[in-house]
Each structure stands twice: as structure tokens, then as C-alpha cells.
Number of protein chains: 2
Amino acid sequence: LRPIEWLSGRVRLVDQARLPHVEAYLETADYRELAEAIRSLKVRGAPLLGITAAYGLALAAREPSGGSLEALLAQLRRAADELRATRPTAANLTWALDRVLRIAEGAPSVLAAVESVEAEALRIHEEDVAVCRRIGANGASLIESASSVLTHCNTGSLATGGYGTAFGVVRAAFDEGWLDHVYATETRPLLQGARLTAWELQREGIPHTLIVDSAAGSLMRRGRVEAVVVGADRIAANGDVANKIGTYSLAVLANENGVPFYVAAPTSTIDLDAREGEAITIEERAAAEVTSLAGTPIAPEGTPAVNPAFDVTPARYVSAIVTEAGIARAPYGETLAAQVRTEAASHG
Amino acid sequence: LRPIEWLSGRVRLVDQARLPHVEAYLETADYRELAEAIRSLKVRGAPLLGITAAYGLALAAREPSGGSLEALLAQLRRAADELRATRPTAANLTWALDRVLRIAEGAPSVLAAVESVEAEALRIHEEDVAVCRRIGANGASLIESASSVLTHCNTGSLATGGYGTAFGVVRAAFDEGWLDHVYATETRPLLQGARLTAWELQREGIPHTLIVDSAAGSLMRRGRVEAVVVGADRIAANGDVANKIGTYSLAVLANENGVPFYVAAPTSTIDLDAREGEAITIEERAAAEVTSLAGTPIAPEGTPAVNPAFDVTPARYVSAIVTEAGIARAPYGETLAAQVRTEAASHG
């Protein structure tokens, strides 16, 4: 399953808003269309947003810019600003854009810049798949034999370059024969769990059960869940985790029931500039996502609703944060910074 | 708003499965149709189920039974068994059926039995409205000035004889000018919060905001909720509370955030025969309620799901249980039994 592909000058992506019932693709050479696809959640998942944004710059680099390197850089920065503004919470978006811009800024000519931007976008994509495999291998060691694991939202192939973060841990643990069962929360309002995670679990042949979000606590209390594994959209320097709305509740319920609560994400999700969760901007989305379900209105007309797309889980509820660099545990203020340094060093 | 009415020999009820978009009624003289309406959630809400079941017996009493008192009683017991089996968790169902059967068993003749069954059903209905008003008055005193309260599922006019339990507390506190705002959880899978509570709040002009179930914890953490008030389907002797799936999560999250967690229910919901929550049967409903919405599938075909309709909240998370007899606090083993005795005494 390839959620996104670079087709020499065009980007092709799975339209995730239409899954699982329709497998449709969006193909475009215009980064503005990619930005719109991000806003409308045709493409989503923090690591995949980073990849998409990087390809967006590769598309922007191919547009006529007037001939000078300065003009091209200005054009890339404008495109980066538009792509960056699409979704404020995902750290990987900014991380990827900054990484590609830095490469462009170091290029000696327009042609070199265009080529290096494209190469860097492809590298970000390839690296993500490898990074996810390492996250999976690192995280699988946390899953005990014959476990039932609960996960939230979608963190699989569809959320990344193609392997998954928390889903990568699930996948790796299942491949090792350690994992017996996955409980997937449906993840209202946009049902990424019901639509996407259930679909990926079915394709992979991993035994699973779908539940409404509010049934997770009761399952934990009845001893049916041995671990919770979720992804992240941004991790603050102190280990506070911004992730899909409902993650905080799962973390509190896991702690209350002695169930370990793991976060799996690439180091590119760690934002050392955000000292703590309070510094993370939480995206507020349209009320209509709450007042309707799968296009059908479910509340009286005119019902007011709030729709925070994410919440912040304080670090004290997080048993471990799994990245490609290893398993970080409290005090996260030290261990996360060390992981980021390790990864930076490994890339020279 | 009258969710149910006795029309001398027929029962008329609002078809709640079609609200809020269609205001339709079901009218029947056949208790079997009432049983089916209960099973399919056309009528729901623990106190209203008690009233509905009582009217069911009033309908059954009018059917030809052969002439003898014994034959009539046998017919009523068969009808009671069918009505009792519709939904296993709601205590009020059994409570009302037993109360009506007891009256029939004390009647001196067939005619007297038929008349007394009908009179008792009407009395149960009338009493419920009065009981809810007392619950509201008792509970309102717990709501501090200018509060935002969060409630779950529907506990309003549509769940009772016509005033509400937890919703009655909300209503009474709002009428006193103490309540500023209500957060209503949508309550997946059947959306009683989005469909019914939002509708009642709109009709009453009480300022409100709808949220997905999994956003409640984050709202509490951000200090936006001063109290949680929910209803109950069955309360064990030790204060453990069976209520709509998700209630347990709200209770844990409220405790974690120092938010008081109140349960409002008539004493008829207290089951002193259930020593603790473990003794309460939790109804498991069809997976299709999770995997689809109003006939629209939201998960891949063949996705397995579990759908427990209720969960059990251990008494230690419950700040107070409000009944028509007053406000019970821990140790519930003593205070709940005292409230049941008080109510029994007040009815002679």
C-alpha cells in the first residue's frame, strides 16, 4: 500500500476521505492542490503530512519563478508558508518544510536547487519508511506475549510513508507472534479508526475488534487490554504529547487501570522548541464534523459544537515514547533531547 | 413534551429512534409491540422503560384470558417475562413490572385486577414526573453558581415520565440561574446525546455545546467543566453505577481532574439485591450499531465489533447519588439503603 507516490513531476495520493468504501486517487502537479488535500484530510497522519509537504515544495520548485535563485527561494518560501498553515499541530509538517528549504538555500544554482529539493523530498519519504520499521522493531519489544493491544485513530501505512508508527509497533509485534488481538477505537469525529485502521488490520490479517471511543475505558477495567499504543502529532520537550482527540482520556484510563501507555513516533515529531504541551497549538476544526456523521446530520439543525482535533497528554501518563532511536522513558526532558541528538548525529 | 401517553386502552409514544429529524409516534394496544419498541430503542431511558413496561401490563390485562383470575395472572406473568427480557440492565423495568404484578395478585376479581393494573401503571407514570422534579430540586443544590456542567447520553423528558433525572438537575439548576452552560456528549453508538439531549436543550433554551465523547476529558483538563451529571440504569447496593457506555470513562476523568461526578436517578433504579457492580448484567447489543450509522456502513465490510451498551462505574468515583429522597454520599452501602427505606415508608 503506497499512500503517496512521486511520479516525476506529479504527486499521486490515496484519497483517504473516501476510504474504505472507495479506493480513489488524487494526482496533481500543483502544490496548492496538495495544500487543499491536507486541509480536507484527503491526506493525513503526521509523518505523511511531512512527506506530502516536502513533495509540495518539489512541485513548487518546478513552477516558473523568473530565473534567479533568490526568486526561486522566495517562491519556495511562499509555498512552504501555505503548506505550513494547513494544519498547525503536526510537527512533521514544519520539520519537513524546514529541511527541504535548508537544502534549497544551500544550492549553488536554480537547477541544482530544483534537483536537490526533489531529491530531499524523496529522501524524506524513503527515510520515513525505514524509520517506521525501526520504531516497529523497538516498540515490539514492549509488547508482552499473547497481548491484546488498543490503538486510537490511524497510524498505519496511511499515516506515514508506508509502514506505520503505533501501527508499525502492532505490525512488528504481530509478525513476532507476540500480539494476539488489536482493539481499534473508531475515533470520532472523522472515524479514522473505523475507516482506515480497521481496513489496514483486515488487509494485514491481524485479528481485531472495533469499538466506540467511549468503550475503551471499560475494556481496560475488565482486563481486556494489556497495552495502549498511539501515535503523536507533536511531542513537547518535556514529553507532553499532542495527538488525536481522545488520546488524553485513553492515557488517564490506562494509568488508572495499570495498563502501560506507549507513544510511537519518529524523532521528527519531537519539537524541542515547545517546552511543554501548553506551547502546542491545537487545531480547532469545523463543528459540522461533529454534528454530522459520514455526511448525515445527527443533531438538530443549529446545534453548536466544538471540535478540537487534538488533545495534550501530560508526560506523567506516558510509560514510554518509542522512536527510531530507541525507547525513551521519563525524565523525558533528558531522554527525548538525547534521541533527537542521536538521530541528528546519525545523519551527519 | 410527553414521551408516552395512556389513551384508555392504547399507548402512544414518541418514536425516539427517528428524532430529532422526524417527530413520529407509535400507537398500539398490543404489549408485544411495546416490547419490540423497547428492543429497537424506539423508547429508551431507564425510568421511561419502567413506565412503558407498566403500561404494557395494562394492555396485557385487557386481552382475553379465559375468565379466571388465575388465568389473568398467568397471562400478566407471561407478558411481564417478555417485557422484562427486552433489556437486562435497566433496574426500573423489573421494578415497575414487579410492582404492577403485586397489585394484580392482591385483586379480588378479574375486573378489579384489570382496573388496578391500569391504575397502578398510571400511578407509576405520575409518580415518576414528581420524583424527577424532586431529583432536580435536590441535585440543583449541588451545582455552583455560573457553572458549566457536562452530561452524557439522554436523561431528559425523553428518558423519563417527562422531566428528567440528570437532565432534571440541569433543568432545575438552569431555572435557578445557577447553570451557565451544558456540554452534551454525542454518546456513540446511538447518539442519544446528539439526537435527543441537544434537541431537548434547544427546546428549553439552555445554552449548550455538543462534543464527541472522547473530547470530554480534554475539556475537563482545561477547566471547562465544573461538574459531571449523569443518570443510571441500575445502581448496586454498594453504589456501583451501571449506565450508558462511556460513563465509567467520564467518572475516572472527572476524578483525575477534581471535577465532582454526580449520578441522578430515582430510588427505583437502586437494586439492593445487586451487592456490587459485578452482579449487574451488561447488555451487549449488535455490532452493526458500531459499524454503521442509519444504514450507512462506516467500517469495511466484515469488521468485527463489540458493543456493550453500558459500563459499571465503581462507587469510589461517584461524588454523590441524587434521588428523590435526597443526596446520598459514601458509604453508599448505608446511605442508599436508607434512601430506599425512606421512599418505601413514604408510600406506606
Original post:
Which of the residues that make up the stretch A:106-118 are touching a helix residue (DSSP H, G or I) at 6+ places or on another chain (Cβ under 8 Å) and either surrounded by 13 or more Cβ atoms within 10 Å (Cβ to Cβ) or of a type in the set (F, W, Y) (or both)?
Top reply: A:A107, A:V110, A:A113, A:V114, A:S116, A:V117, A:E118
Original post:
When the stretch B:258-307 is examined, which residues are found to be among the small types (G, A, S) and at pLDDT below 95?
Top reply: B:S292, B:A294, B:G295
Original post:
What residue, among those in the stretch A:274-285 that are under 20 Å from the mean Cα position of the chain (by Cα) and of a type outside the set (D, E), is farthest from A:A337 (Cα to Cα)?
Top reply: A:R285
Subject >> Hits in the stretch B:312-326 (condition: farther than 19 Å from B:T160 by Cβ and part of a strand (DSSP E or B)) >> reply: B:V312, B:T313, B:A320
Original post:
In this structure, is B:T187 more than 13 Å from B:P207 (Cβ to Cβ), in contact with a Cys (Cβ under 6 Å, 6 or more places away or on another chain), buried (at least 24 other Cβ atoms within 10 Å of the Cβ) and more than 14 Å from every other protein chain (Cβ to nearest Cβ)?
Top reply: no
Original post:
Is there a residue being of a type outside the set (A, V, I, L, M), crowded, with 24+ Cβ neighbours inside 10 Å and within 12 Å of chain B (Cβ to nearest Cβ) anywhere in the stretch A:175-183?
Top reply: no
**OP:** Within the stretch B:198-207, track down each residue that is surrounded by 24 or more Cβ atoms within 10 Å (Cβ to Cβ) and more than 7 Å from chain A (Cβ to nearest Cβ).
**Re:** B:E200, B:L201
Subject >> the stretch A:269-299, residues that are facing another protein chain (nearest Cβ under 9 Å) and assigned to a strand (DSSP E or B) >> reply: A:L293, A:T296, A:P297
**OP:** Test B:L49 against the stated conditions and say whether it is closer than 26 Å to B:A236 by Cβ and surrounded by 21 or more Cβ atoms within 10 Å (Cβ to Cβ).
**Re:** yes
Original post:
Taking into account only those residues within the stretch A:142-162 that are surrounded by fewer than 24 Cβ atoms within 10 Å (Cβ to Cβ) and at pLDDT 95 or above, which is nearest to the chain's Cα centre (by Cα)?
Top reply: A:L142
Subject >> Any hit, the stretch A:31-45, residues being among the basic types (K, R) and surrounded by 24 or more Cβ atoms within 10 Å (Cβ to Cβ) >> reply: yes
Original post:
Hey, among B:V225, B:V182, which residue is of a type in the set (V, I, T), touching a Leu at 6+ places or on another chain (Cβ under 9 Å) and farther than 27 Å from B:S268 by Cα?
Top reply: B:V225
Original post:
In the stretch A:1-29, which residues are over 20 Å from the mean Cα position of the chain (by Cα) and of a type in the set (V, I, T)?
Top reply: A:V22, A:T28
**OP:** Go through B:I245, B:I235, B:I211 for me and flag whichever is within 21 Å of B:A315 (Cβ to Cβ), at the interface with chain A (Cβ under 7 Å from one of its Cβ atoms) and among the aliphatic types (A, V, I, L, M).
**Re:** B:I245
Subject >> Selection status of B:V306, free of Cβ contacts under 8 Å to residues at least 60 places away in the same chain, surrounded by 15 or more Cβ atoms within 10 Å (Cβ to Cβ), closer than 25 Å to B:R84 by Cα and in contact with a helix residue (DSSP H, G or I) (Cβ under 8 Å, 6 or more places away or on another chain) >> reply: yes
Original post:
Looking at this structure, is B:L122 within 23 Å of B:P266 (Cβ to Cβ), in contact with a Lys or Arg (Cβ under 9 Å, 6 or more places away or on another chain), assigned to a helix (DSSP H, G or I) and of a type outside the set (V, I, T)?
Top reply: no
Subject >> Pick from the stretch A:259-268, criterion outside any helix (DSSP H, G or I) and either in contact with a Phe, Trp or Tyr (Cβ under 7 Å, 6 or more places away or on another chain) or more than 13 Å from every other protein chain (Cβ to nearest Cβ) (or both), ranking: surrounded by the fewest Cβ atoms within 10 Å (Cβ to Cβ) >> reply: A:P260
Original post:
For residues in the stretch B:321-331 being buried (at least 21 other Cβ atoms within 10 Å of the Cβ) and either of a type in the set (D, E, K, R) or more than 16 Å from the chain's Cα centre (by Cα) (or both), which is nearest to the other protein chains (Cβ to nearest Cβ)?
Top reply: B:A328
**OP:** Pick out, from the stretch B:32-113, the helices (runs of 4 or more DSSP H) lying fully within it that include 2 or more residues that are free of Cβ contacts under 8 Å to residues at least 24 places away in the same chain.
**Re:** B:69-84, B:91-105
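The values are calculated or read from the model by the stated rules, or taken from the named source; none is laboratory data. As the structure is a computational prediction, the values presented were derived from the model and not from experiment. As a convention, Cβ positions derive from the backbone with ideal geometry for all residues, glycine included, and neighbour counts pool all protein chains shown.
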